[in-house]
Amino acid sequence: MPGCLEAVAGRPSALGAPVIDKAVVLLADGLGAAALKARSGHARTLAGALVGPASTVDVGFPTTTAASLATLTTGTAPGQHGLVGYSVLDPVGDRVVNQLNGWDAHIDPSVWQLEPTVFERAAAERIDSFSIGPERFRHSGFTHAVLRGAVYRSAETIADRLRIARLTLDEIDRGLLYVYVPELDKAAHAYGVESPEWTTALEELDGAVRDFTSSLRAREGLIVTADHGVLDVPEHGHVLFDRSPQLVDGVRHVGGEPRCLQLYCEPGTDVAALAARWTESEGSRAWIATRDEAIAANWFGEVKPEVRPRIGDILVAARKRVGYYDSRSPQSLRGRGMVGQHGSLSPEESRVPLLRFGAFAA
């Protein structure tokens, strides 16, 4: 999105994009490049633009919506913007907070998310910017954290969101639009990315994009991308890690998500020894790293001092088709109903499309 802003502002862009008047970025939550390729016959418009290395991109770590959308709209890595996982430690409150829907009076989204958004930068240059998504997200803390600065417009179907996008383009002389599509991710979690329901959502998206691209004018461009991909985790891949006492001894809080645990330790815990026990038990099917190791390996990009304590003392990133659950937690056990999952470093989760239409394809 910063690249699109540069193109609209008339400056050279990291996208290599031409100077245009109006840019639209459609974020299809959960649309991995591998899944799109596998269903190419059901998405001829999208798959037709999936050609060559420049039509895919690897998202950052962790491959989860909160982190990736903040990166999309700020152009910075999680270690800078501060949304370092699905659920992370609030060091002041000594509690784990869901970064999508757990915002409350104790966490101010304008302070917790540390970087200016592309929409705020657009406003400073007097460039109109809009976010188009379902009404239920209009006033969420997450929206205020990552979409602040944009005018929010709502519509409940993919086709209607793109219809609103077309009407918005017609209202302005130049501007930046963001369109959010949660339908594929929702279908993947409920039924799996290999399900007929996911394919149906993909077909709906493809048809809406086809119709929208036919309306684009000479200096209008569309980019379709995603925040992460998804893979299906079978029930026999569910690991109830708390049933191994050596893996939870010294753990104060469990954050992250099943494919990317973030473990926060009690004061005085020997973190290296606990990480070694995890490696001995799970090293064949997960990447295990301490916070220091993950930061040194640049998993989160450069990490600001105030972001550092939000990251788990130990990270458990699944590399096989497994998910890690805490059977002591009712919320964790409810999550076992999810089929499609994400959060870790596999290509299915981390590689997403970067598809160009209209002026961006010129």
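The values are calculated or read from the model by the stated rules, or taken from the named source; none is laboratory data. Quick caveat: nothing in here was measured; it's all calculated off a predicted structure. Counting neighbours? That spans all protein chains shown, and the Cβs are built from the backbone with ideal geometry, glycine included. Heads up: the accessible areas ignore ligands, DNA and RNA and are worked out on the full protein's heavy atoms, side chains in. Shrake-Rupley method; radii C 1.70, N 1.55, O 1.52, S 1.80 Å.
Computed from phi, the 3J(HN,Hα) profile of region 49-60 under the Karplus parametrisation 6.51, -1.76, 1.60 (θ = phi - 60°) reads 8, 8, 10, x, x, 6, 9, 10, 8, 8, 7, x Hz, with x in place of Gly and Pro.
For region 259-302, what is the accessible area per residue in Å² when the probe is 1.4 Å?
Numbers: 2080 Å² over 44 residues.
I get 47 Å² per residue for region 259-302.
Couplings 3J(HN,Hα) for region 333-340, derived from phi with the Karplus relation 6.51 cos²θ - 1.76 cosθ + 1.60 (θ = phi - 60°), are 5, 4, x, 5, x, 6, 8, x Hz, where x marks Gly and Pro. Within the straight-line cut-off of under 28 Å between alpha carbons, the lysines reachable from residue 37 are 186, 320, sequence neighbours fewer than 8 places apart in one chain being disregarded. Between region 310-357 and region 128-173, the alpha-carbon centres lie 28 Å apart.
Accessible area of the chain with a 1.4 Å probe: how many percent of it is carbon plus sulfur? Before the final figure, lay out each step's value.
On the way: 7620 of 14630 Å².
It is 52 percent, rounded to a whole number.
If you average the C-alpha positions of region 2-36 and of region 199-273 separately, how far apart do those two centres end up, in angstrom? Answer, in whole Å: 23. Take the Cβ atoms of residue 271 and residue 218, set R0 to 51 Å, and the FRET efficiency comes out at 0.35. If you filter region 95-173 for trypsin sites (Lys or Arg not before Pro), then keep DSSP loop positions with at most 10 other Cβ within 10 Å, what is left? Passing sites in region 95-173 are 126. Amide H contacts of residue 60 (H built 1.01 Å from N, in plane; Pro and chain starts excluded): no residue 5 or more places away or on another chain comes under 5 Å.
So what's the back-of-envelope 222 nm ellipticity for the chain, counting only DSSP H runs of four-plus at -39500 (n - 2.57) apiece and dividing by all residues, rounded to 500?
Values: 16 runs with 122 residues, N = 362.
Taken over the chain, the calculation gives -9000 deg cm²/dmol.
Residues whose amide H lies under 5 Å from that of residue 24, counting only those 5 or more places away or on a different chain, are 177, 221, 222, 223; hydrogens are built 1.01 Å from N in the peptide plane.
For residue 153, the residues 5 or more places off, or on other chains, whose built amide H falls under 5 Å of its own are 131, 132, 133.
In the chain, the longest principal axis of the Cα atoms and the axis of helix 158-171 are about 50 degrees apart. For region 222-231, the Karplus equation 6.51 cos²θ - 1.76 cosθ + 1.60, evaluated at θ = phi - 60°, returns couplings of 10, 10, 10, 8, 8, 8, 5, x, 9, 10 Hz by residue, with Gly and Pro reported as x. For region 116-213, the solvent-accessible area of protein heavy atoms averages 42 Å² per residue (probe radius 1.4 Å; ligands and nucleic acids excluded). Stretching the chain fully between residue 281 and residue 243 yields a gain of 12.5 nm (0.36 nm per residue, less the alpha carbon separation).
Note on residue 336/residue 58: beta-carbon distance plugged into 1/(1 + (r/R0)^6) with R0 of 45 Å gives a FRET efficiency of 0.95. Tell me, what is the FRET efficiency for residue 297 and residue 170 to the nearest 0.05, using R0 = 56 angstrom and their Cβ-Cβ distance as r? Efficiency at R0 = 56 Å is approximately 0.75.
Between residue 154 and residue 362, residue separation times 0.36 nm minus the direct Cα-Cα distance comes to 71.9 nm. Note on residue 110 and residue 186: their simple-model spin labels are 3.0 nm apart, each label 7 Å out from Cα toward Cβ.
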